[in-house]
1. Looking at Leu186, Leu164, Leu203, Leu181, which is the one that is part of a helix (DSSP H, G or I) and over 21 Å from Ser250 (Cα atoms)?
2. When residues of the stretch 115-142 are filtered for being within 19 Å of Ala169 (Cβ to Cβ), among the hydrophobic types (A, V, I, L, M, F, W, C) and surrounded by fewer than 21 Cβ atoms within 10 Å (Cβ to Cβ), how many remain?
3. Which one of these is polar (S, T, N, Q), outside the structural domain of Phe132 (by TED's automatic domain parsing), over 19 Å from Ala142 (Cβ atoms) and surrounded by 12 or more Cβ atoms within 10 Å (Cβ to Cβ): Ser179, Ser260, Ser231?
4. Sort through Arg202, Arg166, Arg155 and tell me the only one that's at pLDDT 95 or above and within 25 Å of Arg235 (Cβ to Cβ).
5. Of the conditions (1) in a helix (DSSP H, G or I); (2) modelled with pLDDT under 95; (3) of a type outside the set (Asp, Glu); (4) within 28 Å of the chain's Cα centre (by Cα), Asn172 satisfies every one except a single condition; which number is it?
6. Is there a residue in the stretch 125-147 that is more than 18 Å from the chain's Cα centre (by Cα), modelled with pLDDT of 95 or more, outside the structural domain of Gly225 (by TED's automatic domain parsing) and part of a helix (DSSP H, G or I)?
7. Name the residue, out of Arg272, Arg276, that is modelled with pLDDT under 95, of a type in the set (D, E, K, R) and exposed (fewer than 14 other Cβ atoms within 10 Å of the Cβ).
8. Would you point out which residue out of Asp222, Asp269, Asp232 is among the acidic types (Asp, Glu), under 25 Å from Asp171 (Cα atoms) and part of a helix (DSSP H, G or I)?
Amino acid sequence: MLKRSPSVGRRSVLLGVIGTLLVMAATAAVANERDASTRQALLRMYTTAEAQARYDAMQRSTQPNQAGVAMAAGVSGLAAAAQKRLEAARTQDDAMFNVVEAGLDYPIKTVGDRDAMREMLDRNAFGKSYNFSTRRRLVELALHARRYGPQMFERRDPVYAARLLRMNAYDNEGYGPWSALTLAKLYLADAQIPRDETEAARLLEQCAQGKSTQLIGDHTPDVIGCHLLLSDMYRNGWSFERSAENAEASLQSARALYRSHFNRNATDDQLRAWFR
């Protein structure tokens, strides 16, 4: 019988050890991959149930090991903490959105409040499914025409406001009289926006003539404001020749619109105080 060389035996043992180490390394790699996948699920803010389900699915696809058992012990706590933070953020986000839609001011007390409000407004003010109340609030804040405007915009930014206003002042499907009226005011009275009486007149005439709108809400007060500002333009000769007759006609339109909508009369001074 041939005797195996001692060196051959040692080589076999060494190869066996290397093989074992490779298997262990592969097992550790699988565990690390599962760990990374689960943590990614939590970072994406899956609900606790979703994160747990993903982890359970990974566990069923591989043999249990110490890394998996250890991770299972902590996954619920991690997911619960992530879910708690998510729910708190959602609660504040919903509160901010509802307050803005109601036309009220959400208190901005901290940098966190400011950042959360700006993120909520930006998310809801742009895109095809935008919310007009949030877009309007951004304009008002940028013009410092609303409480907390200086906290949201350190300096007045009429250029930014005008960019947002044009999205509704010139959009047939999303036309808004408030946007047309406010943009016309910027063209007439804001030193940071180039004065453009012709464009202001065009915006106000379209508004006053009752350009159709698909926006939700009642825009009658804004149309009254367009008639009032048109009256001023005729009286002062802005874009038009001075015309007391046309100025009075615009005032009469404002009075009639107010009377038909609110079922009562108002003086010119009252109309100017309420709708300017």
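The values are calculated or read from the model by the stated rules, or taken from the named source; none is laboratory data. Bear in mind the structure is a predicted one, so any value in this text is a computation, not a measurement. Neighbour counts are summed over all protein chains in view; Cβ atoms, including those assigned to glycine, are modelled from backbone coordinates with ideal geometry.
1. Details: Leu186 fails: over 21 Å from Ser250 (Cα atoms); Leu203 fails: over 21 Å from Ser250 (Cα atoms); Leu181 fails: over 21 Å from Ser250 (Cα atoms).
Criteria check complete, one pass: Leu164.
2. Residues that pass the stated criteria total 3.
3. Details: Ser179 fails: over 19 Å from Ala142 (Cβ atoms); Ser260 fails: surrounded by 12 or more Cβ atoms within 10 Å (Cβ to Cβ).
Unique residue meeting the criteria: Ser231.
4. Details: Arg166 fails: within 25 Å of Arg235 (Cβ to Cβ); Arg155 fails: within 25 Å of Arg235 (Cβ to Cβ).
Every option except Arg202 fails the conditions.
5. It is condition (1) that Asn172 fails.
6. no
7. Values: Arg272 fails: exposed (fewer than 14 other Cβ atoms within 10 Å of the Cβ).
Of Arg272, Arg276, the one residue that is modelled with pLDDT under 95, of a type in the set (D, E, K, R) and exposed (fewer than 14 other Cβ atoms within 10 Å of the Cβ) is Arg276.
8. Numbers: Asp269 fails: under 25 Å from Asp171 (Cα atoms); Asp232 fails: under 25 Å from Asp171 (Cα atoms).
Unique residue meeting the criteria: Asp222.
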